[in-house]
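The values are calculated or read from the model by the stated rules, or taken from the named source; none is laboratory data. All values derive from a computational prediction rather than experimental measurement. Cβ placement follows ideal geometry from the backbone for every residue including glycine, while neighbour counts extend to all protein chains displayed. Ligands, DNA and RNA are excluded from the accessible area calculation, which covers all protein heavy atoms including side chains. Shrake-Rupley method; radii C 1.70, N 1.55, O 1.52, S 1.80 Å.
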Amino acid sequence: MIKKIVLMGNPNVGKSVVFSRLTGANVIASNYPGTTVDFFKGKMRVGGETYEIIDAPGTYSLEPSNKAEEVALEMLKNADIVINVVDSTNLERNLYLTLELLEQNKPIILVLNLWDEIKHLGIHIDEKTLEQLLGVPVIPTVALTGEGIKDLVTNIKNAKVNDKIKPTSEEGRWIEIGSIIKKVEIVEHRHHTLRDRISDLTIKPLTGIPIALGVIFISFWIVRLIGENLIIYLLDPIFDNFYLPLIEGLSEYIGPGTIHTLLIGDYGLPIDKIESLGMLTTGLYIPIGVVLPYIIAFYFMLSLLEDTGYLPRLATLVDKVFHKLGMHGHGIVPMFLGLGCNVPGALSTRTLETRKQRFISATLLAICVPCMAQLAMVFGVLGKHGIFYIFIVFITLIILYIILGLILNRFIKGESPEIFLEIPSYRRPSIKATIKKTWMRIRWFLKEAIPFLFLGVLIINVLYALGILQFISNALQPIMISIFGMPGDATIALITGLLRKDLAIGMLISLDMTPLQLVIAVTMLTIYFPCVATFSVLIKELGMKDMIKSASLMIGVAVIVGFLLKIILLGV
Amino acid sequence: MDEKPIPLTQLPISKRGRIIGLDGGQGFKKKLRAMGIKEGQIIKVVTKQPFRGPVTIAFFSCQMTLGRGMADKITVEVI
Ligand SMILES: Nc1nc2c(ncn2[C@@H]2O[C@H](COP(=O)(O)OP(=O)(O)OP(=O)(O)O)[C@@H](O)[C@H]2O)c(=O)[nH]1
Ligand SMILES: [Mg+2]
């Protein structure tokens, strides 16, 4: 039997970084509590023995208060050995969970992580004495640099069931902790540092709110800047000068026919990267040439925001507003993650405490938060008509987020508990970690997007060849015109969007529609249904019943918004 | 000095207070205590958001944001 080692500890103490160090597998780590919301398994070999290592979500105690913590406790049940990772800068508070774990009668190793941080905080910890007092191995580590990890690995065999600490009450534990801390920790008096001052400025409302607006504005500006320049100076030249000639050659070689249509699109020059609807043209150009540059830019910026520790401060500042929408400030995390891709956004709703909060957060995410593929669609379709049209789409989505949130908060039963969120200290993001994380997410995007786009192009071509799409479009023509003011062909774009939103770019561009009609189409496409990947995650997260509710909301809202936009924008 | 017990929400910013009581359900008290927000603990208020928004507190060497309703249930004495 392979022994299972579970990493347990408070949120944001570095468990995921330790996990990556031990297993070589990469998982996302960020400087805010609740980064890991599911378990991850990896393997490690030491001296001929193989262990299974499990990274679990963080938890403050053995009594779960949200779904992520429930996952952690589930993992603990099956653990053969527990590695308890603690934040050395916050030893006293972290020891509570440690004592609870020690009472579990499982072999334990204690890891004092963030050991590098204690020096400049003026904290001294006597790890040898701590080891004696707790009766289990205690290993200081700096997971970020790998310091101490070797020590941890060699000590796994020394993991021991504690025989010093007896089970007791909450109060008893704190008394025990008090006496332990007296013996092992000295904290020097410390003056306010620059880091403390920045922390204060960014969380106090008077300075914090203007800073938040600035940070958000600058972030989006940088994303656009990086994204656009990647396209203009890198990707488009590569596609135009190297890739297209290659495809033109291939086109010559294959000649007209079904295979040509499938791979490249209609026979004949010029070959259009976006509209031709071939697997090797549209199917590759859209994910790599259109969406990827923004994915790179966005995830780079997001990593910076995550790793500095800014997000929990932003959550504090917006808490009041989010509370009105039935969530609390932590709802900003699913929203930010969702801007990259709705899938991780939907998963991170697990850090919200109640069903009501998760339902509202997930539904609003699916309806109003455009992922990078959707944003690429908005920019790709409307960009050349002017920023004004893009603006209409965004304003509509923002207004919708608020109105829908207010309504759902009133009508969805259940509680919306208040925010209860740890504010981590600011850390300077490591460039290496940022690049690594961005790369992990890019790889994930490519793996997810390209197969779906291929599949989408394939399905559309088949449906076209069979005349099914034309039939649907003709049948719906009168409805589309009278309700949404759009040509029947736009239906095809809407159907295409079921698979992936970015796939609809080519369809919409090739249709003869006015910019305002395009605004309606793009807005509806964003609202009416998340992509299949998000949909399947939502089913898992919300359960079938709630998902049906959520999906009917999506469709209902899309129809209403489409209709209203027609009246407002087209005036008919 | 003013040593009357007051709710945490009335503790002036940057003044130190000692927790002398927690109110509310068992689950809630347990959750706070597991975090270290317990009787006898010394804490400070870092900031309060306007319109009865959440309160950010500092204790041990960590900071935490909690809703105004929760903060109201924590009684402290100024020290
Ligand atoms: N300076 C320093 N930073 C570290 C160290 N270990 C981890 N970090 C950083 O601390 C933050 C939290 O790390 P994670 O691994 O995400 O923490 P976690 O315990 O998995 O957190 P949850 O998944 O939210 O429970 C990240 O920004 C890491 O880069 C360390 O030893 N030193
Ligand atoms: Mg983690």
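Worth pointing out:
- Value of D in µm² per second that Stokes-Einstein yields for the stretch A:136-277, Kirkwood Rh from Cα pairs, at 4 °C (1.567 mPa s): 55 µm²/s
- Occluded residues from the stretch B:10-34, i.e. those whose accessible area drops by 20 Å² or more once the chain is not alone (1.4 Å probe): B:Lys30, B:Lys31, B:Arg33, B:Ala34
- Antiparallel bridge percentage (DSSP; both residues within the stretch A:3-187; nearest 5): 40 percent
- On Cα atoms only, tilt of A:194-203 relative to the major axis of chain A in degrees: 50 degrees
- Fraction of accessible area attributable to carbon and sulfur, chain A (%, probe 1.4 Å): 66 percent
- Between A:Ile360, A:Ala493, A:Phe239, the Cα set farthest toward the positive side of the dipole of chain A (charges on each charged residue's Cβ, about the Cα centre) is that of A:Ile360.
- Value at 222 nm in deg cm²/dmol, rounded to 500, when DSSP H runs of n ≥ 4 in chain A each add -39,500 (n - 2.57): -18500 deg cm²/dmol
- Highest-fluctuation residue, B:Gly40, B:Gly27, B:Gly69 considered, GNM on chain B with Cα pairs under 10 Å: B:Gly27
- Summed over both chains, the accessible area lost when B and A associate is about 2500 Å², using a 1.4 Å probe.
- Carbon/sulfur fraction of accessible area - the stretch B:6-78, other protein chains in place, 1.4 Å, %: 51 percent
- Rounded to 10°, Cα long-axis angle of helix A:387-411 versus longest principal axis of chain A: 60 degrees
- P(r) tail fraction, chain A - alpha-carbon pairs more than 41 Å apart, %: 32 percent
- Helix-only CD estimate at 222 nm, as mean residue ellipticity for chain B, using -39500 (n - 2.57) per DSSP H run (n ≥ 4): -5000 deg cm²/dmol
- Cα gyration tensor category, rounded, prolate or oblate, for the stretch A:3-187 with a/c compared to 1.5: rounded
- Projecting label points 7 angstrom from Cα along Cα→Cβ for A:His192 and A:Trp221 puts them 2.8 nm apart.
- Shown for the stretch A:309-344: residues covered by the partner protein chains by 10 Å² or more of accessible area relative to the chain by itself (probe radius 1.4 Å), namely A:Thr316, A:Leu317, A:Asp319, A:Lys320.
- For the stretch A:420-441, a reduction of at least 40 Å² in accessible area between the chain on its own and the assembled protein chains (probe 1.4 Å) is found at A:Phe420, A:Ile423.
- Between A:Glu63 and A:Thr154, the simple spin-label model (points 7 angstrom out along Cα→Cβ) gives 4.2 nm.
- Residue among B:Met64, B:Val46, B:Ile19 farthest towards the positive dipole end of the stretch B:6-78, charges placed on Cβ: B:Met64
- Here the gap between A:Ser510 and A:Tyr253, fully extended at 0.36 nm per residue and compared with their Cα-Cα distance, gives a gain of 89.9 nm.
- Spacing of the modelled spin labels on A:Ile209 and A:Glu49, each 7 Å from Cα toward Cβ, amounts to 5.8 nm.
- Accessible area expressed per residue, chain A, with surrounding protein chains retained (probe 1.4 Å, Å²): 43 Å²
- DSSP beta bridge pairing in the protein assembly as shown, given as percent antiparallel to the nearest 5: 65 percent
- In chain A, the longest principal axis of the Cα atoms and the axis of helix A:468-479 are about 80 degrees apart.
- Anisotropy class of chain B from Cα gyration tensor, a/c 1.5 cut: rounded
- Counts of other chain beta carbons within 10 angstrom of each beta carbon in peptide A:202-209 average 3.
- Residues of chain A were split at every exposed loop site, defined as trypsin sites (Lys or Arg not before Pro) in a DSSP loop with at most 13 other C-beta atoms within 10 angstrom, and the longest piece left, sites excluded, is A:191-412.
- Dipole check for chain A: with +1 at the C-beta of Lys and Arg, -1 at the C-beta of Asp and Glu, and the Cα centre as origin, the magnitude is about 560 Debye.
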